[in-house]
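Here the structure is laid out as structure tokens; the discussion comes afterwards.
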Amino acid sequence: MNRKTAPILLYHGVREGTDDAIRDPLYGVPAHVLAVQLGWLRENGFRTLALDRLLSFGDGGERACAVTVDDCLRSAYTHILPALGERGFTAVFFAIAGTIGKPGWVGWGELREMARSGMEIGSHGLTHTNLASLPVSMIRRELVDSRKRIEDGVGERVRYLSLPGGYRREGVESLAAEAGYEAVCGSRWGYVTEGSGSYFLSRFCMKAGDGIPLLGDIMKRSGPHLLWRTRRERFREFARRAMGDAAYRRLRGWLIPAGTPRELPCFPADG
């Protein structure tokens, strides 16, 4: 018996023409590429659903997906929000609580506007610290304090967590459930599968060089572009585990052009 699957797409910031605090050449998608991808989804009859509706597998069938946006850089409001709205799409925006309102990041008023327009606001941690590197007491603080700060500032319940950097460690899901989250989004490449009962949600991270051929394969659940990318992502995951997080981050830094911010830093909880 074939079980139903659902894709969750992951975006970060827009790469150029913005005042984002960080511009990552790997994860920042050009504005015109974002527009083409969302336009293709709309033109081909796909629609976005809230995560809870998507995970119920009762709506939309194979024409349903979810969109998520990590970090809440400034372009999440100036570029991604209007691109979604023009096509009648919704998304979950995961904010780093410690950066909200700082230069280059989405502000509190903008987050509230996004929520009023039908977007959901989730947590991407308090300081964008790799949770796998923290003791349990600090993980609890990241999860609980970020959720409370965003709920207080936006005025809406925070139901979902996106792991900073996608780094996962044993026990994080149980701590997230204890903190009140309904599900945890990671960066593992793949579909959510009906009946899996998974609290941890895989996603498809769309990067700067990704085009319609890959997106089309993802949405139809097969194709050479999806097969190639899946193999590459599995190798990357293997290398990350084998090398360890610190060595993997150093290698990633060497592969990114000099002078470019290599990853989102950790931010102080206060200030």
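The values are calculated or read from the model by the stated rules, or taken from the named source; none is laboratory data. Fair warning: this is a prediction, and the values are worked out from it, not measured in the lab. Because the Cβ atoms are built from the backbone with ideal geometry, glycine has one as well, and the counts that use them run over all protein chains shown.
Things to note:
- Verdict on G153 being modelled with pLDDT of 95 or more and closer than 22 Å to T99 by Cα: yes
- Screening the candidates G118, G109, G98, G85 for the property of being surrounded by fewer than 21 Cβ atoms within 10 Å (Cβ to Cβ), touching a residue at least 24 places away in the same chain (Cβ under 8 Å) and in a helix (DSSP H, G or I) yields one hit, G85.
- All conditions in (1) in a loop (DSSP other than H, G, I, E, B); (2) crowded, with 16+ Cβ neighbours inside 10 Å hold for G58, with the sole exception of (2).
- Only one entry in Y191, Y160 is surrounded by 16 or more Cβ atoms within 10 Å (Cβ to Cβ), within 30 Å of G107 (Cβ to Cβ) and touching a residue at least 40 places away in the same chain (Cβ under 8 Å), namely Y160.
- Within segment 190-222, tally of residues that are of a type in the set (A, V, I, L, M, F, W, C) and either assigned to a helix (DSSP H, G or I) or over 21 Å from R53 (Cα atoms) (or both): 7
- Selection count where residues are touching a helix residue (DSSP H, G or I) at 6+ places or on another chain (Cβ under 6 Å) and either under 14 Å from V33 (Cα atoms) or charged (D, E, K, R) (or both), scope segment 205-228: 5
- Candidates S146, S123: the one that is of a type in the set (S, T, Y), closer than 28 Å to F238 by Cα, crowded, with 24+ Cβ neighbours inside 10 Å and at pLDDT 95 or above is S123.
- Scanning segment 98-153 for residues that are among the hydrophobic types (A, V, I, L, M, F, W, C) and out of contact with any helix residue (DSSP H, G or I) (no Cβ under 8 Å at 6 or more places or on another chain) gives M138, V144.
- Inter-residue pairs, beta-carbon under 8 Å, first among the aromatic types (F, W, Y) and in segment 44-64, second in a loop (DSSP other than H, G, I, E, B), 6+ apart: F57/K4; F57/E194
- Any hit, segment 171-181, residues being within 28 Å of D24 (Cβ to Cβ) and among the acidic types (D, E): yes
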